[in-house]
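I have placed the structure first, in the form of structure tokens, so that the comments after it can refer back to it.
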Amino acid sequence: MEYLLSKNVEYVCECGLLKPLTNLYFCRHCLNLRCFFCCHHEVDSHFCRNCLENIPSGEAKLRKNKCNTCFDCPSCTLSALSARATTIQVPMTKEVKEGGEGSEIEASSGKMVSKKMYYLACLACRFSSRDVGISDQPSQNFFWPEQEYMHAIRFNTILNHYYSVVLHDKQLKQEERRRRSTKQSKFPNMTDRTGLNVSAIRRQMGFDKSAAKPKSKPTAIAPSIAEDVDDLPEEIFTQPINLKNITTIQQRFTQPANQPESVKHLYPQHKNLSIKRSIRCRHCEHNVIKPEYNPTSIKYRIQQFASSHVPEVRIIKCDQLVPNKSALITLKITNPTMNDMIITIMDLPTEEEEKMMIEEMRKNFEKNLSVSNKSSLMRPSLIEDSRIVSCKITAKLELPDSSFVINQRDDSAEFDDDVQSDKKDPKFILWRKANKIAIQLSITPNGELKVNDDVKIGFSMNFTYSSVPSSTPEKKETQRYALCARIYINAGKIVQ
């Protein structure tokens, strides 16, 4: 878990943000890294993670994104409530018919029978629906009674008011857009078959041209009137406070409409629905992540995580860092692909070169956007503007003098404990093991650094990427590309 959350080694996205490799995606059509902001996020399906019921989007909107049958515990807010069975003694009943009009139920004298009833209980904190006075129900799938809120009518009135405001603004924008649009010709178009213009056709069909459609107006709501606030009771200053009977902030946030102050008024809340989302690249509109539609499946139809395509860099060991003194740092590089990679470590681009790269990317995107607009009717995507990397280098890195090759990933070689070594490898390579390699580099922190200051280094890693062959006959052969990834490493802190 520490590895997934660590930010000691960060990669540069195309938009200029620094992210760990586990938080990045790789678009195999653009051949670039994509972060959270460089992608579209689309909701594929709604489901309940407790009962795994798949709910359509329209029905989920009517349910206010909540499950009808599952409840969250209002006390611990961690686990779901489960239905528990119990038996109670009730008088035996029998049906009495009266002239075929109907039937009535009468209780027989003195005889008691057992009846199964259900209540909600939390297996984590022992909260139950009986604690707040909810009666037991004859079926576990029965609709449990919900709490009534004193301001529910006011909330619905305000909600309807803002719905009408949005609709009114939308109609005004459409009318203004219609006025600004230029007409193609100042003469009416004549139809080919009948020789009638549009106005004549509308009159024949019964549409009155003079009758304009009424515009929707926002519904008026009564403004809220400030009421006198009651004084605090005297008991609050005299009696001691029992914190066990007072709700926490988290418990009140789970019930925003009521916000109970006492634990006795914590009612079970319907469980929020979860979603399965697909992630799409903003530049080429291809899917980067596409999950399975079935809520019981955790597999992906398309998964292009950067950790499966880009070499992974980790810190193994680093000597004590002192200003103006060289220290050795050991890095481990892993090849996650099924093809050999040629790695070359180079200097980072300068600020001027970075600005030229950003300008070139902007021109290429505008060119591709103009071509796609002519061939597609879809609305163009808004992309994240590229920026210069904000991280500053505080140490000098001695780069390797040659390139090196990392073997392909082999799952069977993971169980081999033998460390491989090759006499032909350069001196900066310490060892090899399957698709992993360890290199040792020398760094020299700057002289103006003080104690406990972070020492940051960076380099550009050029690597060869082999694309996956597609099913089309034109691209059955594997194609190799030379890609580049900029990496920034936090080597540690300055010591005395």
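The values are calculated or read from the model by the stated rules, or taken from the named source; none is laboratory data. None of these values were measured; they are calculated from a predicted model. Please note: Cβ atoms are built from the backbone with ideal geometry, for glycine as well, and neighbour counts cover all protein chains shown.
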**Message:** I'm told residue 319 meets every condition in (1) within 30 Å of residue 406 (Cα to Cα); (2) in contact (Cβ under 8 Å) with a residue 40 or more places away in the chain except one. Can you identify the failing condition by its number?
**Reply:** (2)
**the stretch 60-69, residues that are surrounded by fewer than 11 Cβ atoms within 10 Å (Cβ to Cβ) and either assigned to a helix (DSSP H, G or I) or touching a Cys at 6+ places or on another chain (Cβ under 6 Å) (or both)** = 62
**Item:** Tally of residues being in contact with an Asp or Glu (Cβ under 9 Å, 6 or more places away or on another chain) and not in a helix (DSSP H, G or I) across the stretch 238-253
**Value:** 2
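Quick one: how many residues across the stretch 298-329 are of a type in the set (Asp, Glu) and assigned to a strand (DSSP E or B)? Let's see the steps before the verdict.
So the first thing to find is which residues in the stretch 298-329 are of a type in the set (Asp, Glu), and the list is 312, 319.
Now restrict to residues that are assigned to a strand (DSSP E or B): 312.
Summing the residues that are of a type in the set (Asp, Glu) and assigned to a strand (DSSP E or B) in the stretch 298-329 gives 1.
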**Asked** Scanning for something of a type in the set (Val, Ile, Thr) and more than 30 Å from residue 87 (Cβ to Cβ), does the stretch 134-144 turn up at least one residue?
**Response** no
**Request:** Name the one entry in 52, 31 that is farther than 22 Å from residue 274 by Cα and either loosely packed, with under 15 Cβ neighbours inside 10 Å or modelled with pLDDT of 90 or more (or both).
**Result:** 31
**Inter-residue pairs, beta-carbon under 8 Å, first free of Cβ contacts under 8 Å to residues at least 24 places away in the same chain and in the stretch 132-147, second of a type in the set (Phe, Trp, Tyr) and surrounded by 11 or more Cβ atoms within 10 Å (Cβ to Cβ), 6+ apart** = 137/118; 137/119; 137/144; 138/118; 139/118
**Message:** modelled with pLDDT of 90 or more and hydroxyl-bearing (Ser, Thr, Tyr): which single residue out of 163, 119, 149 fits that description?
**Reply:** 119
**Asked** Name the pairs whose Cβ atoms lie under 7 Å apart, with the first residue in the stretch 44-56 and closer than 17 Å to residue 269 by Cβ, the second charged (D, E, K, R), and 6 or more positions between them or separate chains?
**Response** 48/271; 50/271
**Item:** Some residue of the stretch 95-106 being out of contact with any strand residue (DSSP E or B) (no Cβ under 8 Å at 6 or more places or on another chain), under 23 Å from residue 271 (Cβ atoms) and modelled with pLDDT under 90
**Value:** no
**Prompt:** What is the residue count in the stretch 470-495 for residues that are polar (S, T, N, Q) and at pLDDT below 75?
**Reply:** 3
**Asked** Pick from 264, 244: which is exposed (fewer than 12 other Cβ atoms within 10 Å of the Cβ) and touching a residue at least 40 places away in the same chain (Cβ under 8 Å)?
**Response** 264
**Request:** Only residues in the stretch 70-83 that are assigned to a strand (DSSP E or B) count as the first member; pair them with residues that are of a type in the set (Asp, Glu), Cβ under 7 angstrom, at least 6 apart or cross-chain, and list the lot.
**Result:** 80/72
**Prompt:** Could you list, in sequence order, the residues of the stretch 316-352 that are among the polar types (S, T, N, Q) and either over 14 Å from residue 443 (Cα atoms) or in contact with a Lys or Arg (Cβ under 8 Å, 6 or more places away or on another chain) (or both)?
**Reply:** 330, 334, 335, 337, 339, 344, 350
